[in-house]
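Working notes, structure below.
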Amino acid sequence: MKIKRLIFLSLLLANVIRCAWADVIPYDRRSVSYCFRLANINQYPKYVFIAYYPFPTPNYAIIKSGECVHFYHLSRPVICAIAKNHFREDSLRAYQQARNQSIRDKLQRYFESNPNLIRSDVKISAVSTLSKSNPTKSIEDVLTVKKLSGSTLQIDYDNVVYRYDDGTTEKKPYTEQDMRPSPSLKPKASSSKASVVGEGWLVAGGLSIVGLLSALFMRNRKR
């Protein structure tokens, strides 16, 4: 049991440090706003569209027509659809807000084993940082529902909208589903240096895990 506790603790700490490291912005980069939008969900009035976030903790967001969906950049959302006559938002919200872990676990089971949910295979990856010389201020991916029938939900990328620091906007169509079109405005040339600050946090976090596990191991041996 003691070994299992040590393993569990090490995995928990590693996950915390992973998220913290991912949120560190190196000195030569800056944050950028990213969101995605489903452009034609008003064509499917009998369905509710939901973005499910399995990581870092299970969560969800109702996708509304015309609204851009923002999310934590490591979440990897899964887009789902469910017929309105099978959807009970009150129950889903209760799972989300519950403090009891066993009740919150129902949220994960709802999205991973609900036979009424129709899941899309589209992969959505956020852009969280760009080089400081990059003139892009925000990125908006526009997706469309191509097919919703039976157990099939096909969603494709349609275009991407880039907004720049100078106030201009550019829309570029997707020609390949797995490759976002590059913006026309290119980053200005700049000298690159190693980001030692971020690496220092990573090393410190790793040493902290090793030190804590060593201390716990020695304490258990003395017992």
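Bear in mind that the values in this text are calculations on the coordinates, not laboratory data. Source: prediction; values computed, not measured. Here Cβ is always computed from backbone atoms with ideal geometry, including for glycine, and neighbour counts include all displayed protein chains.
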**Prompt:** Among C80, C68, which comes first, then next, by fewest other beta-carbon atoms within 10 Å?
**Reply:** C68, C80
**Prompt:** Okay, which of the range 145-189 sit inside 14 Å, backbone N to the point 7 Å along the Cα-Cβ direction of K46?
**Reply:** 148-152
**Request:** Step through the residues of the range 72-77 one at a time and calculate ³J(HN,Hα) from phi using the Karplus curve (6.51 cos²θ - 1.76 cosθ + 1.60, θ = phi - 60°), rounding each to whole Hz and writing x for Gly and Pro.
**Result:** 4, 5, 9, 6, 6, x
**Message:** Quick check: pseudo-label points 7 Å beyond the Cα along Cα→Cβ at A61 and V161, how many nm apart are they?
**Reply:** 1.5
